[in-house]
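Colleague: I am attaching a structure below and will ask some questions about it afterwards.
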Amino acid sequence: QVQLEESGGGSVQAGGSLRLACTFSGSAFRTLDVAWFRQAPGKEREFVAGISWGGGVTYYANSVKGRFTISRDNAKNTVYLQMNSLKSEDTAVYYCAAGTTATVATLTSSYAYWGQGTQVTVSS
């Protein structure tokens, strides 16, 4: 059984930075692709960034490319999302997801395991 827990959310002013962490329980973590999604009030959940099981492949939504960086530390069973130059439109609940995908998938249906989410609020 794989369980995920996000941490690191909070409130920050526009232009600031936050680092989210997703910590996994279960030995299967090292075989899973991992992604971050976000959901703003009244909007659908959207893909933010993803990383392959070995860390060699990463993929970003155009809206965060150049500002966010996803990485993983398999020894610590943790995936990180470093968010820089935050904008008010980045405000959302951020979810960590894991699954076995052919490539770094951007669809929510590609991921079998989900965390509870962590709130990120960016004020302008």
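Colleague: How much of the accessible area of the chain, probe 1.4 Å, is carbon plus sulfur, in whole percent?
Modeller: 46
Colleague: Could you give the nm distance between label points at Q82 and S123, where each point is 7 Å from its Cα heading toward the beta carbon?
Modeller: Taking the simple label geometry, Q82 and S123 are separated by 2.7 nm.
Colleague: Could I ask something else about it? Between Q13 and T69, what is the label-point separation in nm under the 7 Å Cα-to-beta-carbon projection?
Modeller: 2.4
Colleague: Just to check I understand the Karplus step: with θ = phi - 60° and J = 6.51 cos²θ - 1.76 cosθ + 1.60, what whole-Hz values come out for region 39-47, glycine and proline as x?
Modeller: My calculation for region 39-47 gives 9, 8, x, x, 10, 6, 5, 10, 5 Hz in order.
Colleague: Keeping all protein chains in place, calculate the accessible area per residue for the chain (probe 1.4 angstrom), answer in Å².
Modeller: 51
Colleague: Still on this model: Determine the dipole magnitude for region 2-124: charges of +1 sit on the beta-carbon of Lys and Arg, -1 on that of Asp and Glu, nothing else is charged, the reference point is the Cα centre, and the result goes in debye to the nearest 20.
Modeller: 180
Colleague: Whole number please: convex hull volume per residue, Cα atoms of the chain, in Å³.
Modeller: Dividing the Cα hull volume of the chain by its residue count gives 91 Å³.
Colleague: Please identify every one of the chymotrypsin sites (Phe, Trp or Tyr not before Pro) in region 1-95 that sits in a loop by DSSP and has no more than 15 other beta carbons within 10 Å of its own beta carbon.
Modeller: none
The values are calculated or read from the model by the stated rules, or taken from the named source; none is laboratory data. These figures come from a predicted structure and were not determined experimentally. When we count neighbours, we look across all protein chains shown, and the Cβ atoms used for this are built from the backbone with ideal geometry, even at glycine. Each accessible area value is taken on the protein alone, full model and side chains, heavy atoms only, with ligands, DNA and RNA left out. Shrake-Rupley method; radii C 1.70, N 1.55, O 1.52, S 1.80 Å.
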